[in-house]
Amino acid sequence: MITQRCDVLIIGGGPSGLTAAANLAGDHHVVVLERERFGGGIPRHSDHTGYGIRDLHRVMSGPAYAKRLVDTALASGVDLRTESMMTSWIGERSVAVTSPQGRYELAATAIILATGARERPRSARLVAGDRPAGVFTTGALQNLVHLHHRSPGSKAVVVGSELVSWSAVLTLREAGCETVEMITDRERSESYAAFHHVAKRVLSTPVSTLTRVRRIVGRDRVEAVELEHLASGAVRTVPCDTIVFTGDWIPDNELARLGGIELAAGSLAPAVDTTLRTSRPGVFAIGNLVHPVDTADVCAQDGHHVAQGVRELLHGRQNESANIAITVDSPLRWVSPSRIWRVDVAPARRRLLLWTDEYRPVAKLTATQADGVIGRITLPWPAAPGRVLRVPWSLLANVDPDGGDVGIRLG
């Protein structure tokens, strides 16, 4: 097998991977592997506005944002290889690649995993009933509508009420498909309150809480969905020909698992420290692979942040191990980063990212170390399921580098 070499290998050509590549190219040979025909990631499929606010300081559509990131990377000298997949690890920092040009080995000084996250499909949610056509995730729906210009159906039920759920509603609307109902098994919608109320009114979409899919009905094509109210147990049937399962994110961690990389409890994402290093020497992980799931512009900022750690590795200045673990108590599910390398090195955007399974209108967080309280903070925003809780790094300002692991709880 032919062996090629580069300074930095990035797996994934979405916002985080392309931004990291553009930051590192010029002084270094940077290769990006992207399995699709074009780079840009999920925004390329998402034909609505709202992208680029935090990283580019402008509001753009998904396709325009994706194109901008690709153009910037190419102009920086990035070697972007589309329709190319890493298929296995060969050595500590060498991988096997499969592409239309054949199979080859690619060795790098540093590797960045930027493979993102995906929604759980109907099968992973253990939804009973028939197995007809007309069942989608948001990603599959947007691919069908925006890339292949086909209609999913005429009447849809959307499962989930996160931001991505409303993105699905917009896509359905563009395709001429009416969303007859949006449902969530939570007590309230997972999306931001201001956005939820505006979207509900503008898009004329009824939202039912404490509701789950009990069964899908239909032989060749979806004909209806049975819905159950979790509090009363009442079951009703809603006629429709399309069902879209949204949210309920899981990281695309297969390559990390194959590489023996430590996974974080709760998220099953690669455990990273504040420089986004993983447990495998010379391998970093960024974007929605490590915090499933956040917005594209937040992921892009990971690409900016990881560049410094990669440069230090390339110059032989990064040898210490992260020796302080950050853990969370229920109802918090996970925290990213989950390791502290040095107490004077803050994470991207100087923010800890957490996920909660319970709604708290007032989010009070306490950090402890060696059974003592080292920080408290009350956020001016609620802690809510279905969206990332961003917490200032100042919560851990008093961490003792020799004091052992840190715990965070939600009061």
*What is the residue count in the stretch 313-346 for residues that are modelled with pLDDT of 95 or more and among the aromatic types (F, W, Y)?*
1
*Could we say that E92 is open to solvent by less than 40 Å² (accessible area, probe 1.4 Å) and of a type in the set (D, E, K, R) here?*
no
*Please identify the pairs in which a residue from the stretch 342-359 that is farther than 19 Å from V310 by Cα has its Cβ atom under 7 Å from the Cβ atom of a residue that is open to solvent by 70 Å² or more (accessible area, probe 1.4 Å) and at pLDDT below 95, counting only partners at least 6 apart or on another chain.*
Y359/E187; Y359/R188
*Look through T98, T87, T49 and report the one residue that is more than 22 Å from the chain's Cα centre (by Cα) and either without any contact (Cβ under 8 Å) to a residue 40 or more places away in the chain or over 21 Å from C299 (Cα atoms) (or both).*
T98
*Matching residues in the stretch 245-255 - criterion: being under 15 Å from the mean Cα position of the chain (by Cα) and either open to solvent by 60 Å² or more (accessible area, probe 1.4 Å) or not β-branched (V, I, T) (or both)*: G247, D248, W249, P251, D252, N253, E254
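Applying the selection to the stretch 1-36, what residues are charged (D, E, K, R) and surrounded by 24 or more Cβ atoms within 10 Å (Cβ to Cβ)? Steps first, answer last, please.
Of the stretch 1-36, the ones charged (D, E, K, R) are 5, 7, 27, 34-36.
Within the stretch 1-36, E34 is the sole residue that qualifies.
Quick one: how many residues across the stretch 314-327 are assigned to a loop (DSSP other than H, G, I, E, B) and either acidic (D, E) or surrounded by fewer than 20 Cβ atoms within 10 Å (Cβ to Cβ) (or both)? Don't jump to the end; show me each part of the working.
At the first step, the residues of the stretch 314-327 found to be assigned to a loop (DSSP other than H, G, I, E, B) are 315-323.
Then drop every residue that is not either acidic (D, E) or surrounded by fewer than 20 Cβ atoms within 10 Å (Cβ to Cβ) (or both), which leaves 315-321, 323.
Residues in the stretch 314-327 being assigned to a loop (DSSP other than H, G, I, E, B) and either acidic (D, E) or surrounded by fewer than 20 Cβ atoms within 10 Å (Cβ to Cβ) (or both): 8 in total.
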*In the stretch 1-95, which strands (runs of 3 or more DSSP E) lie fully inside it and hold 1 or more residues that are small (G, A, S) and closer than 27 Å to V145 by Cβ?*
49-51
_Out of R349, R311, I need the residue that is part of a helix (DSSP H, G or I), at positive phi and open to solvent by 20 Å² or more (accessible area, probe 1.4 Å). Which one?_
R349
_Qualifying residue in the stretch 276-291 (condition: small (G, A, S) and buried (at least 21 other Cβ atoms within 10 Å of the Cβ))_ = yes
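Please specify each residue of the stretch 368-411 satisfying the condition of being in a loop (DSSP other than H, G, I, E, B), of a type in the set (G, A, S) and out of contact with any Gly (no Cβ under 7 Å at 6 or more places or on another chain). First the steps, then the outcome.
Quick first cut of the stretch 368-411, residues in a loop (DSSP other than H, G, I, E, B) only: 370-371, 379-382, 384-388, 397-405, 411.
Going one step further and asking which of them are of a type in the set (G, A, S), we end up with 370, 384, 386, 397, 403-404, 411.
Within the stretch 368-411, A384, G403, G404, G411 qualify.
Filter the stretch 328-340 down to residues that are open to solvent by 20 Å² or more (accessible area, probe 1.4 Å) and either under 19 Å from D302 (Cβ atoms) or among the charged types (D, E, K, R) (or both), then give me how many there are. Break it down stepwise before answering.
Just the residues of the stretch 328-340 that are open to solvent by 20 Å² or more (accessible area, probe 1.4 Å), to begin with: 328-330, 333, 339.
If we keep only those that are either under 19 Å from D302 (Cβ atoms) or among the charged types (D, E, K, R) (or both) too, we end up with 329, 333, 339.
Count: 3.
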*How many residues does the stretch 371-387 contain that are at pLDDT below 95 and either closer than 13 Å to L352 by Cβ or more than 23 Å from the chain's Cα centre (by Cα) (or both)?*
1
*Please work out if R44 is surrounded by 22 or more Cβ atoms within 10 Å (Cβ to Cβ), touching a Pro at 6+ places or on another chain (Cβ under 9 Å) and charged (D, E, K, R).*
yes
*Cβ-Cβ below 8 Å, separation at least six or inter-chain, first residue in the stretch 256-273 and closer than 16 Å to G116 by Cβ, second open to solvent by 50 Å² or more (accessible area, probe 1.4 Å) and part of a helix (DSSP H, G or I): which pairs?*
L263/R257
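Can you confirm whether L353 is farther than 27 Å from L24 by Cα, among the aliphatic types (A, V, I, L, M) and under 24 Å from the mean Cα position of the chain (by Cα)? Spell out the reasoning first.
Numbers: farther than 27 Å from L24 by Cα: no; among the aliphatic types (A, V, I, L, M): yes; under 24 Å from the mean Cα position of the chain (by Cα): yes.
Answer is no for this residue.
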*Any hit, the stretch 187-196, residues being buried (at least 23 other Cβ atoms within 10 Å of the Cβ), at pLDDT 95 or above and either closer than 27 Å to Y359 by Cβ or touching a helix residue (DSSP H, G or I) at 6+ places or on another chain (Cβ under 8 Å) (or both)*: no
*Which one is modelled with the lowest pLDDT, of the residues in the stretch 391-411 that are open to solvent by 40 Å² or more (accessible area, probe 1.4 Å) and of a type outside the set (S, T, N, Q)?*
G411
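The values are calculated or read from the model by the stated rules, or taken from the named source; none is laboratory data. It should be emphasised that the depicted structure is a prediction, and the values quoted were computed from it without experimental measurement. Cβ atoms come from the backbone with ideal geometry, glycine included; neighbour counts cover every protein chain shown. These area figures cover heavy atoms from the full protein model, side chains too; ligands, DNA and RNA do not enter into them. Shrake-Rupley method; radii C 1.70, N 1.55, O 1.52, S 1.80 Å.
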